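Step one of this worksheet: look at the structure below.
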Amino acid sequence: MKLTTLLALLCLLFSLSAHSEEIIPMINDDPSTDKILDREMFDFVSKTLGNRLANHLSCTLKVHPGREVRKFSSGSEWVEFIEVDYDSSKLGGKTTHFKIPMGAKYGLKKVENEWSGIGEDIKIQLSDRLSHWIRFVHDGRGQIVMLQLGNELMTNPCARSLR
């Protein structure tokens, strides 16, 4: 009985210390994706992703806007998308190909960074089953200084080092 009481007290002591102020919660600093990709933002993203990557980024990105007629049960309609080909295999990553449709959700915010001082952080989230996303920071002068692609299962960053 005394051994059981001792073990119970040790467990209680451990659980109380686990809730101390030393635990720092994880904070997600991604832009909130609560806006809908409209024509103006769609064109801006397409143009910005087509810009050059900063020298410290070690990957390739090819972007092609596309438009085609698709036949659905409700009839034919034009579908617009940004086709993304991304390769970070030099860093042990993967080659990724996907399409960002007009109407996807996005968020943005101004951020400080070590490459350009200040930039605009943009995240576009698809509503597919794995929640694919692309996140990038541009410097406002035509250069992408940070780039990541991912989904619920993985993140595929594009960076050689933090410099």
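Only one of Asn51, Asn55 is over 16 Å from Asp30 (Cβ atoms) and in contact (Cβ under 8 Å) with a residue 60 or more places away in the chain. Can you tell me which? After ruling out the rest, the residue left standing is Asn51.
Inspection of region 59-76 identifies at least one residue that is touching an Asp or Glu at 6+ places or on another chain (Cβ under 9 Å) and either on the phi > 0 side of the Ramachandran plot or of a type in the set (Ser, Thr, Tyr) (or both). Filtering region 99-115 to residues that are open to solvent by 30 Å² or more (accessible area, probe 1.4 Å) and small (Gly, Ala, Ser) leaves only Gly103. Suppose the filter is buried (at least 19 other Cβ atoms within 10 Å of the Cβ), closer than 24 Å to Phe44 by Cβ and charged (D, E, K, R); does Arg135 pass it? When the stated conditions are applied, Arg135 passes them. Before we move on, is Thr155 over 18 Å from Phe42 (Cα atoms) and in contact with a helix residue (DSSP H, G or I) (Cβ under 7 Å, 6 or more places away or on another chain)? Considered against the rule, which asks whether it is over 18 Å from Phe42 (Cα atoms) and in contact with a helix residue (DSSP H, G or I) (Cβ under 7 Å, 6 or more places away or on another chain), Thr155 comes out as no. Close contacts from region 92-106, counting a first residue that is free of Cβ contacts under 8 Å to residues at least 60 places away in the same chain and a second that is open to solvent by 20 Å² or more (accessible area, probe 1.4 Å) and in a strand (DSSP E or B), with Cβ to Cβ under 6 Å and a gap of 6+ residues or different chains, come to Thr95/Asp87; His97/Asp85; Lys99/Glu83.
The values are calculated or read from the model by the stated rules, or taken from the named source; none is laboratory data. Here the structure is a predicted model, which is why all the values come from computation and not from measurement. When we count neighbours, we look across all protein chains shown, and the Cβ atoms used for this are built from the backbone with ideal geometry, even at glycine. Areas reflect the complete protein model, heavy atoms only, side chains present, ligands, DNA and RNA absent. Shrake-Rupley method; radii C 1.70, N 1.55, O 1.52, S 1.80 Å.
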